[in-house]
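Okay, so here's the structure we're looking at.
The values are calculated or read from the model by the stated rules, or taken from the named source; none is laboratory data. Here the structure is a predicted model, which is why all the values come from computation and not from measurement. Cβ atoms come from the backbone with ideal geometry, glycine included; neighbour counts cover every protein chain shown. For the accessible areas, the whole protein counts, side chains as well, though only heavy atoms, and no ligand, DNA or RNA atoms are used. Shrake-Rupley method; radii C 1.70, N 1.55, O 1.52, S 1.80 Å.
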Amino acid sequence: MRKLQLVYEGKSKRVYSLDEDSLVMEFKDDVTALNGNVKAIAMGKGVLSARLSAFFFKLLEDHGIKTHFLNYDGCRIVVVKRLNIIPVEVIVRNYAYGSLFKRIPLYRPLQRLDPPLIEFHYKDDDLHDPLVLEEDLIRTRLLTHEELDFIKNVSLKVNDILTKFFESRNLKFIDMKLEFGRTKKGEILVADEISGDTFRVVDDQGNHLDKEIFRRSRDVALLLKAYIRLAQVVGVGIDDIYTPCRDYYNE
Ligand SMILES: Nc1ncnc2c1ncn2[C@@H]1O[C@H](COP(=O)(O)OP(=O)(O)OP(=O)(O)O)[C@@H](O)[C@H]1O
Ligand SMILES: [Mg+2]
């Protein structure tokens, strides 16, 4: 990737400039927890997350959801439309879990949330991505009324698609995080990634197929096992996840 200009290195991905309208996302094997305070390397995770993300973006596109997805190289690279990211994380919850209990300890663990609960968090690492009100988003002009409605609507649709997808595989879709961005023309697309790093899925025994494993155990081997199981359930390949990726951009 030496020929492409690195524009951002985050906790789980490197983002390079491909051309005026598109970016190359390279999924790293790094895994973090507690806002980046716990760090480890899980060999194979980058390929698995890129592959799952590409799979889910295609699934959403097949259902008429507009996303930033353009192309997947088969390894750890996902090519996407270059967007102005809206600094808001949208969390959709189907069952009570995780940080919800820190906010209000009145829910029962895994209590069904129907209709799903939507939360907005302002993306700011120093502030630990605080919960914000819909009114905050409007008053600060992060979003217009129409954009907020649109984003809520799309988030619920995405949640519905993924919930059905996992239910048909006897898995419970607990919650997920989405990011959105704007094209130059102001169109809003689903951005970033959709993988075991950004949603929670459990089987009927309560075993996680997502990053929760690492948050609890800090064990990369257990995390990789869960991600391989997730990939198998989804139906994407796992045989080549330790094979070095070809660097097409330098050939
Ligand atoms: N289509 C897109 N266009 C521009 N930027 C994007 C797009 N999709 C995702 N991003 C941004 O690219 C970065 C991906 O890197 P990564 O997910 O590793 O970041 P991170 O460590 O989670 O940090 P943060 O999300 O707080 O910036 C994120 O900042 C994400 O918001
Ligand atoms: Mg991220």
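Below are the figures for this structure:
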read-out	value
Cα gyration tensor shape of the stretch 9-121, rounded if a/c is under 1.5, else prolate or oblate by comparing a/b with b/c	prolate
Gyration tensor (alpha-carbon) shape descriptor, the stretch 195-240, a/c threshold 1.5	oblate
Restraint check, Lys13/Lys184; Lys81/Lys225; Lys39/Lys123; Lys11/Lys81; Lys58/Lys157; Lys123/Lys185, Cα-Cα greater than 26 Å	Lys81/Lys225
Tensor-based shape of the stretch 161-251 (alpha-carbon gyration tensor, a/c under 1.5 rounded, otherwise prolate or oblate)	oblate
Length-normalised contact order of the stretch 84-202 in % [C-alpha pairs under 8 Å, at least 6 apart]	31 percent
Loop sites in the stretch 146-202: GluC sites (Glu not before Pro), DSSP, at most 16 other Cβ within 10 Å	Glu187
Nonlocal amide H pairs with Tyr72, under 5 Å, H built at 1.01 Å	Val79
The chain - percent of accessible surface contributed by carbon and sulfur, probe 1.4 Å	51 percent
Ranked order, Ser22, Ser99 - accessible area, probe 1.4 Å, largest first	Ser99, Ser22
Solvent accessible area, Å² - Arg246, 1.4 Å probe, full protein context	140 Å²
Relative contact order (%) - criterion: Cα under 8 Å, at least six apart; region: the stretch 166-251	20 percent
Thr183, Thr67, ranked by accessible area, largest first (probe 1.4 Å)	Thr183, Thr67
Residues of the chain: accessible area per residue with a 1.4 Å probe, Å²	52 Å²
Inter-site label distance for Asp239 and Asp160 at 7 Å from Cα along Cβ, in nm	3.8 nm
DSSP-loop trypsin sites (Lys or Arg not before Pro) across the stretch 2-62, with at most 11 other Cβ within 10 angstrom	Arg2, Lys3
Cα centroid separation - the stretch 86-152 against the stretch 183-223, whole Å	16 Å
Radius of gyration, Dmax [the chain; alpha carbons; angstrom]	17.6, 57
The chain: calculated mean residue ellipticity at 222 nm from DSSP helix runs of at least 4, using -39500 (n - 2.57)	-9000 deg cm²/dmol
Residue-wise HN-Hα coupling along the stretch 122-136, computed from phi with Karplus coefficients 6.51, -1.76, 1.60 (Hz; x: Gly, Pro)	7, 6, 7, 4, 4, 8, 6, 6, x, 5, 10, 7, 4, 4, 4
Accessible surface of Ile188 - all protein chains present, 1.4 Å probe, nearest 10 Å²	20 Å²
